[in-house]
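The values are calculated or read from the model by the stated rules, or taken from the named source; none is laboratory data. All values derive from a computational prediction rather than experimental measurement. Ideal geometry is used to build each Cβ from the backbone, glycine not excepted, and the neighbour counts take in all protein chains shown.
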Amino acid sequence: MTTKTAAVTTSAQFGTTRSGTPLFSVQPGIPFREALEQIALNLDSASTLCNETVDANIQTCRSINQALAHLIDASRGLMNATLDGLARPATFNE
């Protein structure tokens with residue numbers, strides 16, 4: 001039997017409630033490529049939303065800012081889970 005390592009995410013919590021309790025978490029075992037692709041999609045969406053604030057009214061800007069904060073927080077959570085996975089590779093037996 002051979003032991004191999006896998007480049008996958010670890011569990012990482014992100015997003016907090018008003019009391020500071022973590023609200024979301026990244027699942028462990030997501031391949032790095034998939035995690036990085038999702039980060040890129042989130043950041044691309046955040047960039048597009050930023051451009052929408054130029055001509056938006058104040059209420060729309062507030063809503064967009066909330067969505068931006070969530071996209072950035074989720075991206076940060078995914079990045080932390082990926083970096084932790086680099087530091088502690090998962091092992092499995094073949």
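Every listed requirement among (1) of a type outside the set (A, V, I, L, M, F, W, C); (2) under 30 Å from Ala7 (Cβ atoms); (3) modelled with pLDDT of 95 or more is met by Arg88 save one, (3).
If you scan the stretch 12-33, which residues turn out to be surrounded by 13 or more Cβ atoms within 10 Å (Cβ to Cβ) and on the phi < 0 side of the Ramachandran plot? Those that are surrounded by 13 or more Cβ atoms within 10 Å (Cβ to Cβ) and on the phi < 0 side of the Ramachandran plot: Ala12, Gln13, Phe14, Phe24, Ser25, Val26, Pro28, Ile30, Pro31, Phe32.
Restricting attention to the stretch 62-94, which residues are surrounded by 15 or more Cβ atoms within 10 Å (Cβ to Cβ) and either among the β-branched types (Val, Ile, Thr) or in a strand (DSSP E or B) (or both)? Within the stretch 62-94, Ile64, Thr82 meet the criteria.
If you take the residues in the stretch 47-58 that are in a helix (DSSP H, G or I) and among the hydrophobic types (A, V, I, L, M, F, W, C), which one is surrounded by the fewest Cβ atoms within 10 Å (Cβ to Cβ)? This residue is Ile58. Hey, among the residues in the stretch 1-10 that are loosely packed, with under 12 Cβ neighbours inside 10 Å and either within 16 Å of Ala87 (Cα to Cα) or within 14 Å of the chain's Cα centre (by Cα) (or both), which one's modelled with the lowest pLDDT? Within the stretch 1-10, the match that is modelled with the lowest pLDDT is Lys4.
Restricting Gln13, Gln59 to those that are among the polar types (S, T, N, Q) and without any contact (Cβ under 8 Å) to a residue 40 or more places away in the chain reduces the list to Gln59.
Residue by residue, here is whether (1) acidic (Asp, Glu); (2) under 19 Å from the mean Cα position of the chain (by Cα); (3) outside any helix (DSSP H, G or I) holds:
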residue: Ser25; (1), (2), (3): no, yes, yes
residue: Pro28; (1), (2), (3): no, yes, yes
residue: Glu37; (1), (2), (3): yes, yes, no
residue: Leu41; (1), (2), (3): no, yes, no
residue: Ser45; (1), (2), (3): no, yes, no
residue: Thr60; (1), (2), (3): no, no, no
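Leu83 falls short on exactly one of the conditions (1) of a type in the set (A, V, I, L, M); (2) under 12 Å from Ala12 (Cβ atoms); (3) within 10 Å of the chain's Cα centre (by Cα), and that condition is (3).
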